[in-house]
1. How large, in Å, is the stretch 100-169 by the Kirkwood hydrodynamic radius built from its alpha-carbon pairs?
2. With helices defined as uninterrupted DSSP H runs, which ones in the chain have an alpha carbon span along their own long axis of at least 18 Å and mean Kyte-Doolittle hydropathy of at least 0.5?
3. Carbon and sulfur together cover what percent of the accessible area of the stretch 43-167 at a 1.4 Å probe radius?
4. Over the chain, what is the relative contact order in percent, taking alpha-carbon pairs closer than 8 angstrom and at least six residues apart?
5. Taking the Cα centroid of the stretch 179-228 and of the stretch 1-64, what is the distance between the two, rounded to the nearest whole Å?
6. Per residue, how many Å² of accessible area does the stretch 69-176 show with a 1.4 Å probe?
7. Over the C-alpha atoms of the stretch 3-96, what are the Rg and the largest Cα-to-Cα span, Dmax, in Å?
8. If every alpha-carbon in the stretch 88-229 counts as one equal scatterer, what log10 I(q)/I(0) does Debye give at q = 0.21 1/Å?
Amino acid sequence: MKVRTTTGEKIFDVVNVIICIFLTLAVLIPILNIVFASISDPVEVMKHQGLFLWPKGFTTKAYEIVAQNPNIISGYMNTIFIVVVGTALNVLLSLIGAYVLSRKDAMLVKIFTLMIVFTMYFQGGTIPFYLTVHTLGLTGTIWSLILPVGINTFNLIVMRTAMASVPDSLPESAMIDGAGHARILFQIMTPLTKATVAVITLYYAVYHWNSWFNAMIFIRDRSLYPLQLILRELLIQDEASFATAGGSDALALASDAVKYATIVVATVPILIVYPFLQRYFVKGVMVGAVKG
């Protein structure tokens with residue numbers, strides 16, 4: 001039987017479509033502007049005012065200069081290492097911490113949970129954080145960008161709530177059969193909460209990919225700079241200094257085009273990851289939503 005739609009429902013649907021179109025354009029136009037500017041003729045880039053709604057000529061010279069810049073290449077390698085190693089460590093520590101906090105029979109679990117949640121709202125600040133990292137001897141090393149941010153409290157709480165939603169009978173049955181806590185965690189709890197694990201994995205990866213502040217205060221050796229710190233320097237320094245860093249070929253190219261190309265190079269990889277994890281978003285966040 002065909003369901004009749006009222007006039008109000010039709011208007012509501014039309015308004016929803018219009019809003020979605022505007023939101024899509026608001027997201028898509030800035031991305032297209034950067035991409036089109038990066039492949040446009042450098043002279044046209046310098047002369048153009050406003051948004052690029054289509055390329056002005058076509059050239060890949062900007063990408064060639066980006067690829068030849070040793071700072072960009074080393075920054076990419078450093079960022080990939082930080083993202084892979086840092087995210088793996090983050091997820092591992094979050095899984096272990098969430099498992100402990102989700103066990104109702106764990107000793108002092110409520111006190112530890114309150115202490116951990118406390119850090120979400122009250123922090124020591126940048127100077128105590130720097131002094132702590134310096135005292136541990138991590139400053140000047142790439143590990144200063146990984147170890148001090150081993151766990152994000154919000155992600156830990158989300159993961160803990162997801163594990164707490166698993167029926168107690170499952171880990172209890174496994175324990176009766178002789179399974180230890182490590183086996184219960186990695187062979188029972190983790191597969192049952194894989195949607196939430198996928199979501200926090202993406203959260204951690206995006207954090208590491210976009211992070212630049214810790215590198216700015218802890219790293220002095222340019223060979224250890226992550227990509228985002230290189231990009232930040234590129235966007236705020238004058239054109240002449242970047243041309244010198246990029247090599248003699250950069251002198252012939254408008255630095256604006258190179259900046260656009262660098263932004264594309266730094267952004268595309270993380271955008272490619274999103275579609276593969278999108279199906280986990282709603283389920284993962286809802287299952288791990290903070291409940292009472």
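1. Averaging 1/r across every pair of different Cα atoms and inverting gives 14.2 Å.
2. Helices meeting the span and hydropathy rule in the chain are 7-38, 70-102, 109-121, 194-210, 255-287.
3. Details: 5200 of 7230 Å².
Percent of accessible area from carbon and sulfur atoms in the stretch 43-167: 72.
4. Working: 304 pairs, mean separation 88.7, N = 292.
Reported relative contact order: 30 percent.
5. 32 Å
6. Computed with neighbouring chains in place, this is 56 Å² per residue.
7. For the stretch 3-96, the Cα-based Rg and Dmax read 22.3, 64 Å.
8. -1.26
The values are calculated or read from the model by the stated rules, or taken from the named source; none is laboratory data. Not measured: the values here are computed from a predicted model. Heavy atoms of the whole protein, side chains included, go into the accessibility calculation; ligands, DNA and RNA do not. Shrake-Rupley method; radii C 1.70, N 1.55, O 1.52, S 1.80 Å.
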